[in-house]
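Student: I'd like to ask you about the structure that follows.
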Amino acid sequence: MHRHVRVVVSVVAFCFCLPVALVFGQDGPWTGRTHGNVQAGQQIFKSTCAACHGADGRGTAQEIAGFERPRTFPDFTQCDQTTPEDNTAWKAVITEGGPTRGFSQIMPSFKEALTSEQIDDLVVFLRSLCRNPHWPRGELNLPRAIATEKAYPEDEVVISTAQNAQGAPGGSTHIIHEQRFGMKNQIEVDVPINYQDINHTWYGGVGDTTLGVKRVMYSNLQSGSIFSLFGGAILPTGNRSRGFGSGTTTFETFAAYDQLFKTNTFIQTQFGADLPRHTDIAPQSIFFNTAVGQSFAANHGLGRLWTPMFEFVAARDLVDNAKTNWDVVPQMQVTISKRQHIRADLGVRVPVTNTSGRQVQIVFYLLWDWFDGRLNEGW
């Protein structure tokens, strides 16, 4: 068996079996749904936290607190600062202290002073300091899959690469910048860089660039659901003669719906269409992606996060006698930094139908959630 094929088979088997075992075997708590006692949490805050964080959660004045605030010092009343974080991150810092997530050591550990239930009460009270309930919560910011775009508006930079595992050498790397603005909106810029070996000569260049806007239409933490719409333009910046671009401007639109369950199992779905301006150059097409995954973490759910996922990817040109291309993408995402704002994902994209001319690819990305910290922070 060819070496690349053996690697593909091994990764597919591992990534397929592990998610199945986790989905049906793990019953870990989702702290985003913790129902704590706000009044009890308020009393704990006053007695243990207010000296540094202030009676109102905005932070005690530095001249009174007696220490210099780090850049990451929180204002719990600012919804744009607090809602992107999930309860697990807050509980980890309160339990183990700031350094456990790469924050300042001035934040001590309270695991000897407070029980797990008391910390849950405290987190619920801290959540109440954000007075606007319409901000999508960080628990709904599910792990990013390789192909399926999620519904949550994020602040991320992603470098995603797909490399042919067999056949003609080549691949592409996407440099993606996503930036949230306002309560429910996000802009996205996706610049692909393509490369391929044609008759033993390497060619490379920029592909078609995507500019788009995403908006959350609905989110509900209690049901674990979030729904968004996206609209954008794919600009013909790639060289069509080398296969790096379509040669025409294309309007792209999709709907994304994500569902998170109590066991930390999740499903992400995306359905959309690419509508080129000149259909005589490039055909209209539709696509459907879905990802099923399960997150689990070390240290009783407070440590490094592992997320095996399995994606189904489909695309079909809207022309007579066209066939639907189906791919499967088993993969594993893992957090790299303590703060979990640097993540990596490794998988294999395997064509299932219409395999002629469509190659197996090794797919990989590095993700930086820059809202959570700088590249040199959180380690």
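The values are calculated or read from the model by the stated rules, or taken from the named source; none is laboratory data. Everything numeric in this text was worked out from a predicted model, so none of it was measured. Glycine also receives a Cβ, built like all others from the backbone with ideal geometry; neighbour counts cover every protein chain displayed. Remember, those area values only see protein heavy atoms, side chains included, never the ligands or the DNA or RNA. Shrake-Rupley method; radii C 1.70, N 1.55, O 1.52, S 1.80 Å.
Student: Over segment 54-150, what is the mean sequence separation of C-alpha contacts under 8 Å (at least six apart), divided by residue count, expressed as relative contact order in percent? Please report the intermediate quantities before stating the final value.
Tutor: Working: 97 pairs, mean separation 27.6, N = 97.
Relative CO of segment 54-150 lands at 28 percent.
Student: Just the number, please: carbon plus sulfur as a percent of the accessible area of the chain, 1.4 Å probe, no ligands or DNA/RNA counted. Provide the component values of the computation, followed by the final result.
Tutor: Working: 10560 of 18350 Å².
Within the chain, the accessible surface is 58 percent carbon and sulfur.
Student: Roughly how tilted is helix 38-48, in degrees to the nearest 10 and between 0 and 90, from the longest Cα axis of the chain?
Tutor: It works out to around 70 degrees.
Student: Quick one: Karplus J couplings for segment 287-300, per residue in order, coefficients 6.51, -1.76, 1.60, θ = phi - 60°, nearest Hz, x for Gly and Pro?
Tutor: Those phi angles translate into 9, 9, 10, 9, 10, 10, x, 8, 9, 8, 9, 6, 6, 6 Hz.
Student: Next question, about the same structure. Roughly how big is the chain's charge dipole about its Cα centre, with Cβ charges of +1 (Lys, Arg) and -1 (Asp, Glu), in debye to the nearest 20?
Tutor: Numbers: 32 positive and 35 negative charges, 69 e Å.
I would put it at about 340 debye.
Student: Give me the angle, in degrees from 0 to 90, between the Cα long axis of helix 116-128 and the longest principal axis of the Cα atoms of the chain, rounded to the nearest 10.
Tutor: 80
Student: Moving to a separate point now. Can you work out ³J(HN,Hα) from phi for every residue in segment 266-271, in order, using Karplus 6.51 cos²θ - 1.76 cosθ + 1.60 and θ = phi - 60°, giving whole Hz and x for Gly and Pro?
Tutor: 9, 10, 10, 10, 8, 9
Student: Which whole-number percent is the relative contact order of the chain (Cα, under 8 Å, 6+ apart)? Display every interim value, and only then the final one.
Tutor: On the way: 911 pairs, mean separation 58.2, N = 379.
Reported relative contact order: 15 percent.
Student: Hey, which lysines would be in cross-link range of residue 184, C-alpha to C-alpha under 26 Å, not counting anything within fewer than 8 residues on its own chain?
Tutor: Within the straight-line limit of under 26 Å, residue 184 reaches these lysines: 91, 150, 214, 262.
Student: For semi-axes √(5λ) of the Cα gyration tensor in Å, the choices are (i) 42, 22, 19; (ii) 33, 29, 17; (iii) 36, 25, 21; which was calculated from the structure?
Tutor: Of the listed options (i) 42, 22, 19; (ii) 33, 29, 17; (iii) 36, 25, 21, (i) comes from this structure.
Student: For every other residue with a beta carbon closer than 11 angstrom to the beta carbon of residue 253, add +1 if it is Lys or Arg and -1 if Asp or Glu, then tell me the sum. Walk me through the intermediate numbers first.
Tutor: Working: positive: 214; negative: 252, 274.
Combined, the nearby Lys, Arg, Asp and Glu give -1.
Student: Probe radius 1.4 Å, ligands and nucleic acids left out: which of 58, 316 has the largest accessible area, and how do the rest follow?
Tutor: 58, 316
Student: If exposed means no more than 15 neighbouring beta carbons inside 10 Å and the site is in a DSSP loop, what's the longest run of the chain without any exposed GluC sites (Glu not before Pro)?
Tutor: Numbers: sites that count: 68, 112.
Segment 113-379 is the longest.
Student: If you don't mind, there's one more thing I want to ask. Each residue of segment 165-182 in turn: what ³J(HN,Hα) in whole Hz from Karplus with 6.51, -1.76, 1.60 and θ = phi - 60°, glycine and Pro shown as x?
Tutor: The phi angles translate into 8, 7, x, 5, x, x, x, 8, 10, 9, 9, 10, 10, 10, 9, 7, 9, x Hz.
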